[in-house]
Structure formats: structure tokens, C-alpha cells
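Here's the structure we're looking at; comments come further down.
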Amino acid sequence: MNKRRTLPTRIHMLAHANPLGPDAARFGLEDIGGYVEFVERHLPEPFRLTRDEELLRAVEDPWRAGRTDDAERIKDINHALKDRHTAAIVAASGGAYFSRILPQLKFEPLAQRTESLWTFGFSEMTTFVNLVASYRCGRGVYWLCPNWISYRVQPAEAARAALAEFWLSMPDLLTGKQPADAQHLVYGPVEGEVTQGRVRSGKIKVVGGCLAVLAAVTGASFARRIRPDGKWLFLEDIKESPYRIDRHLSALKLAGWFEKAAGLLIGDFHMMNNDTQSSVLELLPYHLPRRKVPIITTRMLGHTWPIAPLLLNRPLELEISSGQATLWSAGFRPT
């Protein structure tokens, strides 16, 4: 007699880059406990929220190493990666001080999984989302850490409504469906334009994310899992001046990341109030190989609003028409 298959139902929430407290206040929620209760109230059954509230309550001190709980953060994530009941890992915030713990994270249990493990996040979580996506059952969605909503949607009442939609949509997100009656968030497609080279419609795979975060890990042993060989490399960033962008592009060039890339997907770049996407396009010829690497630009990916989800390292449908590009991302294409 076959045992009935039990699907994973655990949704594990992290605040392992920026702490959660300041974001809770921006949503108009009383405290971290109120934030967690809000998420639990809007997460549909049979899913259940798990978290380490001590880690959510951490205080960041930028002048004293940022965070002092590396060992606890590593233990928490490794447990979530190993637990076969984990359906998804959601990074509530981006921020800093996360990349340094990557060498101690154990992704090997993903090789033994038979059910999909999803992870959602962007910015500082770039490498984590890409590494999960590098496994057969891993599903990495480069998308808003839900607390990003509080920076882009006001007043707080509207931000809470968008946050509620994120969690209410979790059952659809985990099956790649277009959520019904979406009012606050964008689920695709990603729209852009071809700015260099010849691009044809068809299936493509995309890896990448925040440029500065990627540049920091090119020399790591695990970087081979997220190289863009034969794939499109997606890049975006915030608060980086053109000379620093040039430095980060140099790191990718020296590591050979551009040599075998099928194309570049350039998302939003800005430094405070200055748009720097055009600066990136001016810098790229100094770093790309002699062949004319195709480039598509978009304003729907990155530290921007609205931000669309991008499913990493899985076939996506790219449509090209008169120089305009449409990328159906994360399977959210209406039937």
C-alpha cells in the first residue's frame, strides 16, 4: 500500500540581512509581534509560518560589524534548508551582513529533495536565491522582499494591504499561477526593449541580481553554480556611483562571467535620485567580449516599483516584437 504523499507546508521567514523592527513601524504595525501576527493572519491554510523571533528582533549596529548573531543565523537557515517540510523561505528584508555567512550555509540537502523548495528575495539575498535555484528542486524567485513594500507604498494602510496580498498569494506563488484579483502587486510580464544585438523569441534562462552582491562572490567555490554560462545574466543595483559600478563590472569580467553569457538583462540602476542605467550601458562595452552580446533593458526589475518576479535558472518565455521584449516570469502567464 502506497503512503499518501504529504506536501510541504512550512513557510519560513527570515530577517537575516536587515532587522525587522524598523520595517514593522513603517507598515504602521505596533511591533515585531504585531508584524508576525499580521503575516500569520494572511497566510492561507494549510501553510504555517515559522521563524526565529530572536533573530527577527536583532539590532543592527553598522559601526560594530552590523550584526553579532552569525552563528544563530546560519543554524536557522540550515535547519530550514534541511527540513523536508519547508515549502518556502521568504526573506522579509534585504540589507547587509548576509553574504559573509554564505560559506557556512549547507545547500546539499536540496540535492535530495523530491518536492520544490521556493525562496523569495532580492538585493543582499541575491546569491542565496541563485544558489537555491541551482538545484533541481530549488525555485528561486528574484522579487521583492515583502518589507520593500513599506519603502514604496504609502500611506501605511496601503502598504499593509499590499503586504497582505503578498502573503495571501502564497498558494498561487508556490504553484507558478497568476494570482487572481491582484490589486497591489505586479506578477508579470517583465517588459523592456532590445538595446543591443539580435534577440529572437523563445525560451531562455536567467541568473543574477544585485551587481555588487554578485561581484563579491565571484571568487567563491560555490560561484560555479551560479555562473551565467549559456544563460542570460540579469544585473541591477542601488546606491552605487558609476565608478563603483565599473569596479563591480570589472570583477565579473575578470572572473569570466561575460564570456559565455547568452545575453544581458539590465534592470533598474539608480543612486539616490540619479538614474544610472544609462551609465551602465556606457560602461558595458569596456567589459564585454568582442562578440556583440545581446542586451535587453527594463525598468521592472531591481530596487524599483512596481517590481515584477523573475524566476531564476528555469525556462522563461521571451517574446520579441519590433524591438520590444516581453518576458513571462515565474510562470505567471494567464491561460
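Observations
- Treating each Cα of the chain as an identical point scatterer and summing with the Debye formula, the log10 of I(q)/I(0) at q = 0.11 Å⁻¹ comes to -0.69.
- Taking the alpha carbon gyration tensor of region 172-256, multiplying each eigenvalue by 5 and rooting it gives semi-axes of 28, 17, 16 Å, largest first.
- Difference of contour (0.36 nm per residue) and Cα-Cα distance, residue 322 to residue 137: 63.0 nm
- Spatial offset of region 115-138 relative to region 56-71 amounts to 24 Å, using the alpha carbon center of each.
- Rounded, prolate or oblate (a/c below 1.5 giving rounded, otherwise prolate when a/b exceeds b/c) for region 10-173 by Cα gyration tensor: oblate
- Taking amide hydrogens as placed 1.01 Å from N in the peptide plane, the amide H of residue 271 sits under 5 Å from those of 239, 276, each at least 5 positions away in sequence or on another chain.
- FRET efficiency, residue 100 to residue 79 (Cβ-Cβ, R0 25 Å, nearest 0.05): 0.85
- Take each peptide in 186-192, 298-304, 220-226, 81-87, count the other Cβ atoms within 10 Å of every residue, and average; sorted highest first, the result is 298-304, 186-192, 81-87, 220-226.
- In this simple spin-label approximation, residue 30 and residue 262 carry label points 7 Å from Cα along the Cα→Cβ vector, and these lie 5.2 nm apart.
- Shape of region 190-328, Cα gyration tensor, a/c cut at 1.5: rounded
- As a length-normalised measure over Cα pairs under 8 Å and 6 or more apart, the relative contact order of region 190-328 settles at 39 percent.
- The chain: calculated mean residue ellipticity at 222 nm from DSSP helix runs of at least 4, using -39500 (n - 2.57): -7500 deg cm²/dmol
- Once the chain from residue 272 to residue 180 is taken as fully extended at 0.36 nm per residue, the excess over their C-alpha distance is 29.7 nm.
- Theoretical FRET efficiency, 1/(1+(r/R0)^6), r = Cβ-Cβ of residue 37 and residue 255, R0 35 Å, to 0.05: 0.20
- Euclidean distance of C-alpha centroids, region 209-243 and region 72-99, integer Å: 20 Å
- Residue by residue, region 111-118 carries 3J(HN,Hα) couplings of 5, 9, 6, 10, 10, 5, 10, 9 Hz when phi is fed to the Karplus relation 6.51 cos²θ - 1.76 cosθ + 1.60 (θ = phi - 60°); x denotes Gly or Pro.
- Members of 239/260; 106/205; 82/177; 203/292; 106/253; 75/260 lying beyond 31 Å, as alpha-carbon distances in this model show: 75/260
- Protection proxy ranking, peptides 32-39, 311-318, 154-161, 124-131, average beta carbon neighbours within 10 Å, highest first: 124-131, 311-318, 32-39, 154-161
A short reminder: the numbers here are calculations on the coordinates, not readings from a lab. Predicted model only: the values in this text are computed from it and were never measured. A quick note on method: Cβ atoms are made from the backbone with ideal geometry, for glycine too, and the neighbour counts reach across all protein chains shown.
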